[in-house]
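What follows is a single structure, written as structure tokens, with notes after it.
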Amino acid sequence: MEEYETVIGLEVHVELLTDSKMFCGCSTKFGASPNSQICPVCAGFPGTLPVINKRAVELALKTAVALNCKISHFSRFARKHYFYPDLPKNYQISQYEEPLATEGVLLVDNRSIRIRRIHLEEDAGKLIHPEDNSRFSLVDLNRSGVPLIEIVTEPDIRSALEAEKFLTVLKRILEYLEVSDCNMEEGSLRCDANISVRRTGDKDLGVKVEIKNMNSFKAVRKALEYEARRQIACLKEGQTLRQETRLWNEDLQITEEMRRKEETQDYRYFPEPDLPPLIFDNKIVEEINTQVGELPFQRKDRFIKEYILSEYDAGVLTSKKDIADYFERCVEKGGKPKMVANWLMGDLTALLKSAKKDISVSPVTPEYLVQLISMIEDGKITGAAAKSVLQECFNTGMPPEKIVSERNLLQIEDDETVSNIVKEVITENTGAVNDYKSGKEEALSFLIGQIMRKTKGKINPSKVKNKLLEYLNKKE
């Protein structure tokens, strides 16, 4: 048994997929010129009045339902006071004592991780630090006021790897719900982690340290692994840990002290006087329930049962909603599930990855992939030719049937033609023929390769092999 165990809780900030900000009509589009998407409300001008974004509330409710939370029938916004240059009004509109939802749960590897609360809030702006180490920072308020939900777990996570898995499962659900694009590079999904260590068997949680500045799930895992080792080493040396906030240094692969951790009272929460409470009746909750739809684990189970796929294949295909949707459109158009899965997870995914494209903008449409697979099954083209056709279809957007016709890729079926080509290759490669006859089996693969090259992959490899063996084994 380990002498110490790790206790981890996560605070996940998710930007909601709305067109306008949480309390004003400014655009939330990413990548605009600095400070081009702001108004007196999100810039914190005195005397301005916020108005709640209805769509943001609906998306927050969808998330709460999907995470098995208890929806609060009465929910209220609060002011959270602190000063940073990127928070011009010196307080953030968030929720405190009366959050949107509580008491949820998310299963990770059949272990329940409890969700303490989900609440709505607005994002702060962004500080930009010049690379020349100038003694000033620039402030971009375009992000100020963007709708967020914060998902806070109970301290139920027991390892850095489990934390990474939790985030992976959560991200998949959020993408399925279409409540966020979860793009970590653009800041749509951010995570702070609270970690402590304690002697195995102790009930006390230990001294909590918060870690910030982690820009990937891998970074979350590595930061937590490092911090657990650091805290255990401190305790073994008789040092006293203190509650603090630390930053993850990606270059050095260590956590570094940032500041002493604030206590709740430091934020001086009080109810937001300019916003009415959110009141939800059972009808609203039931309506949101119908909008949640099929979640990733449910779709995976259905793929296994309905399409007779392996657990691995079903897991890959349902890892992203766009991929699962593409697969099902292929099947609806007549593609055999296993064949579609193989081509989608193999060659097409490789092409998309190489081109850095999502399946949603694939030049190879579901219709085209089914068309390609049908030509293979009907014996019109070989598997080797199909790979070439898929590449050209991806590059040009042309239908596979047109590519096959224009490039004369129809499979050679005529026995006499096949026989003549085999004879030619045998005549041209007497060395390899002699090697085969002397017992070198690899020579056979070489000869098959020469035939496939000569015919540009237009003969079925098994037919080539059978015909080749027929001639090679013929008694002279």
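Odds and ends about this structure:
- Per the listing 211, 279, 254, 232, the residue uniquely surrounded by 12 or more Cβ atoms within 10 Å (Cβ to Cβ) and within 30 Å of residue 77 (Cβ to Cβ) is 211.
- Verdict on residue 128 being farther than 21 Å from residue 23 by Cα, exposed (fewer than 15 other Cβ atoms within 10 Å of the Cβ), assigned by TED's automatic domain parsing to the domain that holds residue 23 and among the β-branched types (Val, Ile, Thr): yes
- Set 447, 469: member being in a helix (DSSP H, G or I), surrounded by fewer than 19 Cβ atoms within 10 Å (Cβ to Cβ), modelled with pLDDT of 75 or more and more than 43 Å from the chain's Cα centre (by Cα): 469
- Taken over segment 377-398, the residue count meeting the criterion of being farther than 14 Å from residue 344 by Cα, surrounded by fewer than 20 Cβ atoms within 10 Å (Cβ to Cβ) and in contact (Cβ under 8 Å) with a residue 24 or more places away in the chain is 9.
- Pairs, first part of a loop (DSSP other than H, G, I, E, B) in segment 200-222, second among the β-branched types (Val, Ile, Thr), C-beta under 7 Å, six or more apart: 205/7; 206/7; 206/197; 214/220
- When the residues of segment 347-405 are filtered to those that are in a helix (DSSP H, G or I) and among the basic types (Lys, Arg), the one that is farthest from residue 335 (Cα to Cα) is 353.
- Taken over segment 76-95, the residue count meeting the criterion of being within 20 Å of residue 284 (Cα to Cα) and at pLDDT below 95 is 0.
- Condition met for residue 229 (outside any strand (DSSP E or B), assigned by TED's automatic domain parsing to the domain that holds residue 257 and among the basic types (Lys, Arg)): yes
- Take the conditions (1) modelled with pLDDT under 80; (2) over 43 Å from the mean Cα position of the chain (by Cα); residue 427 misses just one of them, which is (1).
- The set of residues in segment 208-256 that are farther than 23 Å from residue 12 by Cβ, acidic (Asp, Glu) and under 30 Å from the mean Cα position of the chain (by Cα) contains only 251.
- When segment 29-86 is limited to residues that are exposed (fewer than 15 other Cβ atoms within 10 Å of the Cβ) and small (Gly, Ala, Ser), the one that is farthest from the chain's Cα centre (by Cα) turns out to be 47.
- Here 18, 48 are screened, and the one residue that is in a loop (DSSP other than H, G, I, E, B), closer than 30 Å to residue 105 by Cβ and not aliphatic (A, V, I, L, M) is 18.
- Residue check, residue 303 aromatic (Phe, Trp, Tyr) and closer than 22 Å to residue 71 by Cα: no
- Qualifying residue in segment 59-66 (condition: at pLDDT below 95, among the hydroxyl-bearing types (Ser, Thr, Tyr) and either in the same structural domain as residue 276 (by TED's automatic domain parsing) or assigned to a loop (DSSP other than H, G, I, E, B) (or both)): no
- Positions within segment 67-101 being among the basic types (Lys, Arg), within 20 Å of residue 125 (Cα to Cα) and assigned to a strand (DSSP E or B), in sequence order: 79, 80
- Residue under evaluation residue 146, criteria (1) crowded, with 18+ Cβ neighbours inside 10 Å; (2) touching a Phe, Trp or Tyr at 6+ places or on another chain (Cβ under 7 Å); (3) more than 23 Å from residue 284 (Cβ to Cβ), criterion not met: (2)
- Annotation note: Cβ proximity below 7 Å between a residue of segment 283-312 that is of a type in the set (D, E, K, R) and a residue that is outside any helix (DSSP H, G or I) and surrounded by 14 or more Cβ atoms within 10 Å (Cβ to Cβ) (sequence gap 6+ or interchain) occurs for 299/318; 300/318.
- Annotation note: of 312, 326, the sole residue that is surrounded by 15 or more Cβ atoms within 10 Å (Cβ to Cβ) and hydroxyl-bearing (Ser, Thr, Tyr) is 326.
- Per the conditions (1) over 30 Å from residue 221 (Cα atoms); (2) without any contact (Cβ under 8 Å) to a residue 40 or more places away in the chain, the sole criterion not satisfied by residue 103 is (1).
- For residue 421, the conditions (1) buried (at least 22 other Cβ atoms within 10 Å of the Cβ); (2) among the aliphatic types (A, V, I, L, M); (3) in the same structural domain as residue 457 (by TED's automatic domain parsing) all hold with the exception of (1).
- Among the conditions (1) touching a strand residue (DSSP E or B) at 6+ places or on another chain (Cβ under 8 Å); (2) within 18 Å of residue 163 (Cβ to Cβ); (3) of a type in the set (S, T, N, Q), residue 200 misses just one, which is (2).
The values are calculated or read from the model by the stated rules, or taken from the named source; none is laboratory data. Predicted model, so just to flag it, every value in this text is computed and none were measured. Here Cβ is always computed from backbone atoms with ideal geometry, including for glycine, and neighbour counts include all displayed protein chains.
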